[in-house]
Amino acid sequence: MTEHAVVVENVGKTFDAGVIALEDVSLAIAPGEFVSLIGPSGCGKSTLLRIIADLDRPTSGAVSVFGLTARQARIEQKYGIAFQQAGLLDWRTVQSNVGLPLELHKVPKRERTERVRELLDLVGLSDFAEKFPSQLSGGMQQRVAIARALARTPGLLLMDEPFGALDEMTREKMQNDLLRIAEESSAAVVFVTHSIPEAVYLSDRVVVMSARPGRIVDTLTIDRSERNGDSRESAEFFSSITAVRDTLHGRTVRSVELS
Ligand code: ADP
Ligand code: MG
């Protein structure tokens, strides 16, 4: 059996105030697979992502990342992470923001320069290496954050509403870029979003969660074989959107395969 990128087993999370954020959540993600988490605000999407990233601990259950404990995976930087806010350092240029994880990991300067060049090329920012974050648009800043997350060639990207603050056109472009980047880097992606079309467009599987306590209601498999700009207009795309929406609202799903 191939090792999974992520295995979440019967994870529960109760916060000190007695808030049950997650209850009995189980999920396995294959290498290279793109999985979205969708659900109403407060259903525990960010909490689940933070637990996978070892930024928070589960109250019960266990998480492994490429066969390691979440803690070990964090220490070995097995994943990259990107949030809604790009979180760049204003006083550093684009290239030195992207190279920061390499610097922290004491990668020699020449190797670092080479890798940063590759990454900027991957996210389409080669001409902006010397600029500062304040000189870039929101979409470009988010690209820098993604390049930084990929710096150490992780097999897993954890993303929490990374395009939530972008306008619709930039967002669609970023979605296409992310699909290409994920494919080129063979990384698995766990992607938190509020947007049903975004989840359907990007994902191999959409995990639908319910609020209070947060649990997985259903997992819908999306056929991604014909994914391209035109597929946003296709009948299959709209029927998958309807299926996810029906699941979110607790209605029965017929039009897509359940797994
Ligand atoms: P989502 O990302 O789906 O909007 P969150 O994972 O942020 O939801 O939050 C899930 C639930 O846990 C919410 O009810 C939230 O208020 C609660 N919560 C999140 N973080 C904390 C915390 N540090 N302390 C107490 N409650 C929290
Ligand atoms: Mg959240």
Report summary line: Those residues of region 171-190 which are closer than 21 Å to VAL7 by Cα and polar (S, T, N, Q) amount to SER185, SER186
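Yes/no matrix, rows are residues, columns are (1) free of Cβ contacts under 8 Å to residues at least 24 places away in the same chain; (2) away from ligand 2 (no atom under 16 Å from the Cβ):
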| position | (1), (2) |
| --- | --- |
| VAL206 | no, yes |
| MET209 | no, no |
| THR221 | no, yes |
| SER225 | yes, yes |
| SER231 | no, yes |
| SER239 | yes, yes |
| VAL244 | no, yes |
| HIS249 | yes, yes |
Report task. Out of the residues in region 34-44 that are under 11 Å from the mean Cα position of the chain (by Cα) and of a type outside the set (Gly, Ala, Ser), state the one that is farthest from ligand 2 (Cβ to nearest atom). Result -> PHE34
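Scan region 105-131 for residues that are in a loop (DSSP other than H, G, I, E, B), over 21 Å from the mean Cα position of the chain (by Cα) and over 22 Å from LEU156 (Cβ atoms) and jot them down. I'd like the intermediate steps shown before the answer.
Of all residues in region 105-131, those in a loop (DSSP other than H, G, I, E, B) come to 105-108, 123-125, 129-131.
Among the residues that remain, those that are also over 21 Å from the mean Cα position of the chain (by Cα) are: 105-108, 129-131.
Once the filter is applied, which keeps residues that are in a loop (DSSP other than H, G, I, E, B), over 21 Å from the mean Cα position of the chain (by Cα) and over 22 Å from LEU156 (Cβ atoms), region 105-131 yields LYS106, PRO108, ALA129, GLU130, LYS131.
Of the residues THR247, THR221, THR252, THR193, which single one is surrounded by fewer than 18 Cβ atoms within 10 Å (Cβ to Cβ) and at pLDDT 90 or above? Before you say what the answer is, go through the steps one by one.
Details: THR247 fails: surrounded by fewer than 18 Cβ atoms within 10 Å (Cβ to Cβ); THR252 fails: at pLDDT 90 or above; THR193 fails: surrounded by fewer than 18 Cβ atoms within 10 Å (Cβ to Cβ).
Being surrounded by fewer than 18 Cβ atoms within 10 Å (Cβ to Cβ) and at pLDDT 90 or above holds for just one of THR247, THR221, THR252, THR193, which is THR221.
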Query raised in the report: What is the residue count in region 13-50 for residues that are acidic (Asp, Glu) and exposed (fewer than 15 other Cβ atoms within 10 Å of the Cβ)?
Result: 2
Report summary line: Given (1) in the same structural domain as PHE34 (by TED's automatic domain parsing); (2) within 15 Å of the chain's Cα centre (by Cα), ARG143 misses just (1)
Query raised in the report: Since LYS78 meets every condition but one in (1) basic (Lys, Arg); (2) within 19 Å of ARG215 (Cβ to Cβ); (3) more than 13 Å from ligand 2 (Cβ to nearest atom), which condition does it not meet?
Result: (2)
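The values are calculated or read from the model by the stated rules, or taken from the named source; none is laboratory data. Here the structure is a predicted model, which is why all the values come from computation and not from measurement. Cβ atoms come from the backbone with ideal geometry, glycine included; neighbour counts cover every protein chain shown.
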